[in-house]
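Engineer: Okay, handing you the structure first.
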There are 2 protein chains.
Amino acid sequence: MNSQIENSFQKTKAIKNRYGKVEFPDQAPWNEAINLLLSHKSVRSYKADPLPEGTLETLLAAAQSAATSSNLQLWSLVAITDPIKKTELAKIAGNQKHIEQCPLFLVWLADLSRNQRMGAEEGVEMEVMPFVETFLVAAIDAALAAQNAVIAAESLQLSTVYIGAMRNNPEKVAELLQLPPEVFGVFGLCVGYASPDIKAEVKPRLPQAAIAFHEVYGNAEEKKLRISYDREMAKFSERNEMVADTWTNRVLGRMGKLSGMNGREKLMGILNSMGFPLR
Amino acid sequence: MNSQIENSFQKTKAIKNRYGKVEFPDQAPWNEAINLLLSHKSVRSYKADPLPEGTLETLLAAAQSAATSSNLQLWSLVAITDPIKKTELAKIAGNQKHIEQCPLFLVWLADLSRNQRMGAEEGVEMEVMPFVETFLVAAIDAALAAQNAVIAAESLQLSTVYIGAMRNNPEKVAELLQLPPEVFGVFGLCVGYASPDIKAEVKPRLPQAAIAFHEVYGNAEEKKLRISYDREMAKFSERNEMVADTWTNRVLGRMGKLSGMNGREKLMGILNSMGFPLR
């Protein structure tokens, strides 16, 4: 098949999967890498198959190739394969069984301690450490790195899912991984081969017009766009999970009640006690 | 050339660029997508050439395809092409001229306001909003999305650089982009074609052993690894910028003194005043 026609066909399909029915510029550029990015699905059921040798090193090289603010490299990673540890981490995350199933579980860390140790070794007081800015830089560094690892994994036909529920109990995570002060497990990441029973489609997102703006913030049609997305998500959930529900209902359920936070409403105090004063 | 040999050659070169002299597993998997990730360089000088039609839509589709915590989609984007606005944003960032040069400047937003408006429209109080956890989710969502856009851009031979200095004056950014409360410009991103005079190499990173651990945190050889990285970075800076300096010296310079924060030590108070109580 002509590769330009093939590209155009692939693009139309990927955009339809991601947004439902949508107008998208014919001229919008496309290639295999972009197709890979658009094909992302979070996977919550894994085969026991181990990863090919050297996979962690490749994922890590990809992760370290992401930008890092001022090259400070304020993140670290603990790779978990020990079944006992994965079981403990799954418990913290409200018994998410995929944490136990996946052959490799990565805990991504906002890490001020390495550069703090450098300061101690060199006799320099690191004045920037206690500020929320520095914590934010570390969390963003970790996120950029992790996303590169996700792309690398998916390019190798591996699947992933981020586990925000490490923040349900950051102190327990720190204890299990023997984290020093000023190190915080921002999120986990399951890596492995998807179970063959996983048939989930790509999840639709809000229309571009609802989240991206030109020059100034906002779109007067926001509510209309939300309602059109609600219809897409209801159809998607009906096709994939048998219970039709709108995006609006899901967000209201998740953000309306403190109980949806599973203890994460205590995060500020916990961070303070872990060595992040967040001034 | 045999594609397996080609792959192996490409891998050896990319790993050497990223880490200097390094032992890397022969078996570590490799492909074109991973090569793209490893090839990242931040670029700070751009041609005036505009982007091909539809590029923003493609970058945005890639960005929206990244994972987002509980599908809450707590991020937004303002795309800036107006030269006057770019000049103002460059000033905020300490006169980084590449913000004016690049044809497209993206400001990535942690955005609680969209779902807050949903709550108001649906008569539901969104109890989770005031917590540091929710702000962190929004900032991470924005970072994952932005990193996908970076990968998509680089796959199209475009270059990028993140601009953390949007946080030098978040209130001024909010004023310029007409951001409502509960929306915060986490960072900017220049997108464009690199100037032909840009000859920068890929920047080396810390050895993998210094940032990634197995089962528990830490490496007793940390200081030795830092010193070996210092040598790589001194050689790199000599080759690329004519002033040899170690990583240690750069980090001490950046993190040792409050003055290195360019006002960002005030971020907590500013976030509070912008609608993020960060409880």
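The values are calculated or read from the model by the stated rules, or taken from the named source; none is laboratory data. Since this is a predicted model, take the numbers as computed values, not measurements. Counting neighbours? That spans all protein chains shown, and the Cβs are built from the backbone with ideal geometry, glycine included. For the accessible areas, the whole protein counts, side chains as well, though only heavy atoms, and no ligand, DNA or RNA atoms are used. Shrake-Rupley method; radii C 1.70, N 1.55, O 1.52, S 1.80 Å.
Engineer: I want to verify a result. In a Gaussian network model of chain A, Cα cutoff 10 Å, which of these has the top mean-square fluctuation: A:Ala33, A:Ala152, A:Ala63?
Structural biologist: Of A:Ala33, A:Ala152, A:Ala63, the most mobile in the Gaussian network model is A:Ala33.
Engineer: Something else: Place a point 7 Å from the Cα of A:Asp197 along the Cα-to-Cβ direction; which residues of region A:98-116 have their backbone N under 14 Å from it?
Structural biologist: Only A:98, A:101 fall inside the zone, counting backbone N under 14 Å.
Engineer: Would you tell me the mean number of C-beta atoms belonging to other protein chains that fall within 10 Å of each C-beta in B:135-143, as a whole number?
Structural biologist: Values: counts 3, 14, 4, 0, 4, 13, 1, 2, 11.
Mean number of neighbouring Cβ atoms from other chains: 6.
Engineer: Within 10 Å of each Cβ in peptide A:146-154, how many partner chain Cβ atoms are there on average? Round it to a whole number, please.
Structural biologist: Per-residue shielding by partner chains comes out at 6.
Engineer: Further question: Please give every one of the aspartates and glutamates within straight-line cross-link reach of B:Lys223, meaning a C-alpha to C-alpha distance under 17 Å, and leave out same-chain neighbours fewer than 8 residues apart.
Structural biologist: Output for B:Lys223: A:Asp111, A:Glu121, A:Glu122, B:Glu232.
Engineer: Net charge near B:Tyr46, counting Lys/Arg +1 and Asp/Glu -1 over other residues with Cβ under 12 Å of its Cβ?
Structural biologist: +1
Engineer: How far apart are the A:Thr81 label points across copies, placing each 7 Å from Cα toward Cβ, in nm, shortest first?
Structural biologist: 5.0
Engineer: I've got another one for you. Just to confirm the numbers: B:Lys47, label point 7 angstrom along the Cα-Cβ line, distances to the other copies in nm, shortest first?
Structural biologist: Output for B:Lys47: 4.5 nm, nearest copy listed first.
Engineer: Across the residues of B:244-251, average count of Cβ atoms on other protein chains within 10 Å?
Structural biologist: On the way: counts 0, 0, 0, 5, 6, 1, 3, 12.
Shielding by partners across B:244-251 averages 3.
Engineer: Which trypsin sites (Lys or Arg not before Pro) in region A:224-276 pass both tests, a DSSP loop state and at most 10 other beta-carbon atoms within 10 Å?
Structural biologist: Answer by residue number: there is no such site.
Engineer: Which residue, B:His40, B:His214, B:His98, has the most motion in a Gaussian network model of chain B that connects Cα atoms within less than 10 Å?
Structural biologist: Comparing B:His40, B:His214, B:His98 in a Gaussian network model of chain B, the most mobile one is B:His214.
Engineer: Under the 0.36 nm per residue contour assumption, what length would be gained going from the current alpha-carbon distance of A:Val124 and A:Leu225 to full extension? Could the numbers behind the result be given before it?
Structural biologist: On the way: separation 101, 0.36 × 101 = 36.36 nm, distance 5.29 nm.
Difference between extended and current length: 31.1 nm.
Engineer: Leaving out ligands and nucleic acids, and using a 1.4 Å probe, what accessible area per residue does region A:55-198 come to in Å²?
Structural biologist: Heavy-atom accessible area per residue stands at 26 Å².
Engineer: Then there's this: In nanometres, what is the gap between the two model label sites at B:Glu6 and B:Asn272, each 7 Å from Cα along Cα-to-Cβ?
Structural biologist: My value for the distance between the label points is 5.9 nm.
Engineer: Considering only Cα-Cα distances, which of the following residue pairs are longer than 30 Å: A:Lys266/B:Lys86; B:Lys235/B:Lys266; A:Lys203/B:Lys91; A:Lys21/B:Lys91; A:Lys41/B:Lys224; A:Lys21/A:Lys41?
Structural biologist: As for pairs spanning more than 30 Å Cα to Cα, those are A:Lys266/B:Lys86; B:Lys235/B:Lys266; A:Lys203/B:Lys91; A:Lys21/B:Lys91; A:Lys41/B:Lys224.
Engineer: If one takes the accessible area of chain B alone plus chain A alone and subtracts that of the pair, with a 1.4 Å probe, what total in Å², rounded to the nearest 100, results?
Structural biologist: 10600
Engineer: Once fully extended, how much extra length lies between A:Lys47 and A:Lys91, figured as 0.36 nm per residue of separation less the alpha-carbon to alpha-carbon distance?
Structural biologist: Gain on extension, A:Lys47 to A:Lys91, equals 13.9 nm.
Engineer: Additional query: Run through the other copies and list how far each one's label point is from that of A:Gln178, in nm with one decimal, shortest first; the point sits 7 Å from Cα along Cα-Cβ.
Structural biologist: 5.7
Engineer: Please compute one quarter of the surface area of the Cα convex hull for chain B and express it in square nanometres.
Structural biologist: Average of the hull's projected areas for chain B equals 18.2 nm².
Engineer: Here is a follow-up. Which of A:Ile80, A:Ile15, A:Ile99 moves the most in a Gaussian network model of chain A with Cα springs under 10 Å?
Structural biologist: Per the Cα network of chain A with a 10 Å cutoff, A:Ile15 tops the list.
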